[in-house]
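Each remark here refers to the structure printed beneath this line.
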Amino acid sequence: MNRLLRLMLWTSLGAVIVAGLLAALLIQHLPADGIRVTIDDETWTLPALHAGHWLLATLGLLLAAALLVIVVPLALLVGIGLPLVVAALAVGVSLALVLLATGLALSPLVLVGAIAWGLWRALVRPAAPPAATMHA
């Protein structure tokens, strides 16, 4: 099982790295001049980007991918795993309390049973075992 988890980890890490490199490659091959961005009928024309800009964009994409690889599993762990652990603890504690209450309620019955068993053992004594004999 450990080997399978390790394989899955390395495969997913490789996929994230390849996806980040492909995204950086796609961004680098965008036309460098005349990129127009329109949001709510406002248009901006981006200036020509240089190598430093592309490097920062690539690093930003890789950082975003790394954060997704770390933050999403932790959010799932806290969002799903923690409530499951709390529910399991609540069920376990309530079951322990029920067993404790049952034991306390039945303790006089156990005491009467122990006294009866002790009296039975005292009154009914087993017969002595036959003496060992040897025949020649």
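Computed quantities for the displayed model
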| read-out | value |
| --- | --- |
| Spin-label pair Val16/Leu67, simplified geometry with 7 Å Cα→Cβ offset, distance in nm | 1.4 nm |
| Of Leu123, Ile80, Thr45, farthest towards positive along the dipole that unit charges on Lys, Arg, Asp, Glu beta carbons give the chain | Leu123 |
| Rg(Cα) / (2.2 N^0.38 Å) computed for the chain, rounded to two decimals | 2.65 |
| Nearest-0.05 FRET efficiency for Leu76 and Leu25, computed from C-beta distance (R0 30 Å) | 0.50 |
| Cβ-placed point charges (K, R +1; D, E -1), dipole of the chain about Cα centre in debye, nearest 20 | 1200 debye |
| Fewest-first sequence of His53, His135 by Cβ atoms within 10 Å of each Cβ | His135, His53 |
| Over the chain: helical MRE at 222 nm, DSSP H runs n ≥ 4 each giving -39500 (n - 2.57), nearest 500 | -25500 deg cm²/dmol |
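Since every read-out is calculated from the coordinates, none of them should be taken as a lab result. Nothing here was measured: the structure is a model prediction, and the numbers come from that model. With ideal geometry, Cβ positions are generated from the backbone for all residues, glycine too; neighbour counts draw on all protein chains shown.
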